[in-house]
1. Rounded to two decimals, what is the ratio between the C-alpha radius of gyration of the chain and 2.2 N^0.38 Å?
2. What number of lysine-lysine pairs in the stretch 1-116 show an alpha-carbon separation below 24 angstrom, given a sequence spacing of 8 or more or placement on distinct chains?
3. Any chance you could count the Lys pairs in the stretch 140-180 whose alpha carbons are under 14 Å apart, treating pairs 8 or more apart or on different chains as valid?
4. Give me the Å³ per residue figure for the convex hull around the C-alpha atoms of the stretch 1-54.
5. How big is the Cα convex hull of the stretch 73-162 in projection, averaged over all directions, in nm²?
6. How many percent of all Cα-Cα pairs in the stretch 128-177 sit more than 16 Å apart?
7. Please work out the Cα convex hull volume for the stretch 40-102 and give it in Å³ per residue.
8. Kindly express, to the nearest 10 degrees and within the range 0 to 90, the angle between helix 139-151's C-alpha long axis and the longest C-alpha principal axis of the chain.
Amino acid sequence: MSRIGRLPVEIPAGVEVTIAENNVVTVKGPKGTLTESLPVEMDIKIENNHVVVTRPSDVKKMKALHGLTRTLIANMVTGVTKGYEKVLEINGVGYRAQKQGNKLILSLGYSHPVEMIDPEGLESVLDGQNKITIKGIDKQKVGQYAAEIREKRKPEPYKGKGIKYADEVIRRKAGKTGKK
């Protein structure tokens, strides 16, 4: 059996998990509600305050879906209780971020400011002018929005200018060497 797939997902107090037909799982918690349509092949049950996922056979595809299904449910439960956040840092002279309502305005050395509107259910918070924190209950949406912001100016290897994740390490390169 899948080592991750066979682990039961604990349902904390204040969280309600419902499983509809065709494995549509809805998780309600203090931070909000998430609904996900999971693979129909998997058997999802609620047993004494735990969500248990079992697979029908040991076919390679079923093994892969087993762990995936369990992890998606665990991420939904974590999202509605604690939430998710990604921190981005802006490095570079004159590079900065501003917030106007739900609009994030980035000055990244282009001839124009880059404007991004926060997707529904997500919130971007500025800490100073060069630290952006994206918060939300859906792990996938938080990661996607953070990736879209980073894509506007990826960090370059010579001076390290650009937008990077807070825990990302930029591999630096040596610049040109003079010819003698």
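1. Its radius of gyration relative to the 2.2 N^0.38 Å reference: 1.34.
2. Taking the stretch 1-116 as the scope, the lysine pair count is 14.
3. Counting lysine pairs in the stretch 140-180 gives 6.
4. 81
5. 6.3
6. That fraction is 49 percent.
7. About 157 Å³ per residue, rounded to a whole number.
8. 20
The values are calculated or read from the model by the stated rules, or taken from the named source; none is laboratory data. This is a predicted model, so every value here is computed, not measured. Cβ: placed from backbone, ideal geometry, glycine included. Neighbour counts: every protein chain shown. The area values use the complete protein model at the heavy-atom level, side chains included, leaving out ligands, DNA and RNA. Shrake-Rupley method; radii C 1.70, N 1.55, O 1.52, S 1.80 Å.
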